[in-house]
Amino acid sequence: MSLPDPVTFAIPAFVLLIIIEVILGRFFPRKSNYETRDSAASLAMGLGNFAIGLINLGIVASVSHWVYQYRFFDIGYHWYAFVLIFFAEDFCYYWFHRLSHEHRIWWAAHINHHSSQYYNLSTALRQTWTGGLAGTWVPWLLLSILGFPTALIAFQQGINLVYQFWIHTECIQKMWRPFEYIFNTPSHHRVHHAINPQYLDANYAGTLIIWDRMFGTFVPEDNAEPCRYGIVKQIASFNPIVIALHEWAGLFKDILSARSLKSFWMYIFGPPGWSPDGSRLTSKQIKEKDAAFKIKRAGTRAT
């Protein structure tokens, strides 16, 4: 069975919404902040992702078809399959996204999406060029072994990606509380993109924020702590090649400098920021350091 590509159909809407947000920013700059070079870099990253994705598609589809031969169930394309895949694919997305922040080899492929210091709809286009090479598609093979057809998986991945476009904005504040409790929203996703210590490594949701609530990674947006965007060590470049490959360059540099098998392993599979001498900090260490500082500051004020 052939299913349409949701992303292709959504492209005109993407363009229209970006134009509307840019115009809105002319009148309400605090609600929409664009920088021409940054937006151009995001667009280039999106085009590169699309082109490379066409190459990766055949490889990923072949592997998915091979795994599908050993499926546990014949789910097919019945109506309930579209309900089940909605939850199952989003569950896989959550774990792909979380692992991409917790292990450096996948972070090297994902970091480009976080590299912009601006948060607007064009940021959603800043997609990876190296995710296929790094194997970030592996979590979705769980769906193939369960018995979801490859075309159905790809269709729902497209739906998930289209949904996530609109949450890359500062124009929309917190929404209806029941909606905020179940679904990923601009407020939740701003936290995910923020580099404030209290917001690091949180809100990995694709469509449903319930996974973060279930697995302890949910952090609400605090109006008293405005989000600051980008990455902990800003790259200060609008060059798409630098954006796509700078973390890979750093990874290989660290691997070549490793003086033990443990360091070699941790540089690849350890958390981003890990270093054998502690000269760099992981997200967990940054959060702990910030929490200790706040406790100390609170104690000082109390006295």
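Of the residues T136, T150, the single one that is open to solvent by less than 40 Å² (accessible area, probe 1.4 Å), without any contact (Cβ under 8 Å) to a residue 60 or more places away in the chain, among the polar types (S, T, N, Q) and over 29 Å from T36 (Cα atoms) is T136. Evaluated against (1) open to solvent by 60 Å² or more (accessible area, probe 1.4 Å); (2) within 30 Å of N33 (Cβ to Cβ); (3) hydrophobic (A, V, I, L, M, F, W, C); (4) assigned to a helix (DSSP H, G or I), F238 falls short on exactly one condition, (4). Scanning the stretch 211-224 for residues that are farther than 30 Å from I85 by Cβ and crowded, with 17+ Cβ neighbours inside 10 Å turns up nothing.
Every residue in the stretch 80-99 that is crowded, with 17+ Cβ neighbours inside 10 Å and among the hydroxyl-bearing types (S, T, Y), please. Result: Y93, Y94.
If we keep just the residues of the stretch 260-277 that are part of a helix (DSSP H, G or I) and within 20 Å of the chain's Cα centre (by Cα), which is farthest from E102 (Cα to Cα)? Show your work before the answer.
Just the residues of the stretch 260-277 that are part of a helix (DSSP H, G or I), to begin with: 261-269.
Among the residues that remain, those that are also within 20 Å of the chain's Cα centre (by Cα) are: 268-269.
Numbers: I268: 11, F269: 8 Å.
My answer is I268.
All conditions but one from (1) open to solvent by 80 Å² or more (accessible area, probe 1.4 Å); (2) within 26 Å of N160 (Cβ to Cβ) apply to R280; the one that does not is (2).
Looking at A40, A44, just one residue is surrounded by 15 or more Cβ atoms within 10 Å (Cβ to Cβ), at pLDDT 95 or above and in a helix (DSSP H, G or I), and that residue is A44.
Does G76 qualify as being open to solvent by less than 30 Å² (accessible area, probe 1.4 Å) and at pLDDT below 95? So G76 fits the description; yes.
The values are calculated or read from the model by the stated rules, or taken from the named source; none is laboratory data. What you see is a predicted model, and the numbers here were worked out from it, not measured in a lab. So basically every Cβ, Gly included, is an ideal-geometry build from the backbone, and we count neighbours across all protein chains shown. Heavy atoms of the whole protein, side chains included, go into the accessibility calculation; ligands, DNA and RNA do not. Shrake-Rupley method; radii C 1.70, N 1.55, O 1.52, S 1.80 Å.
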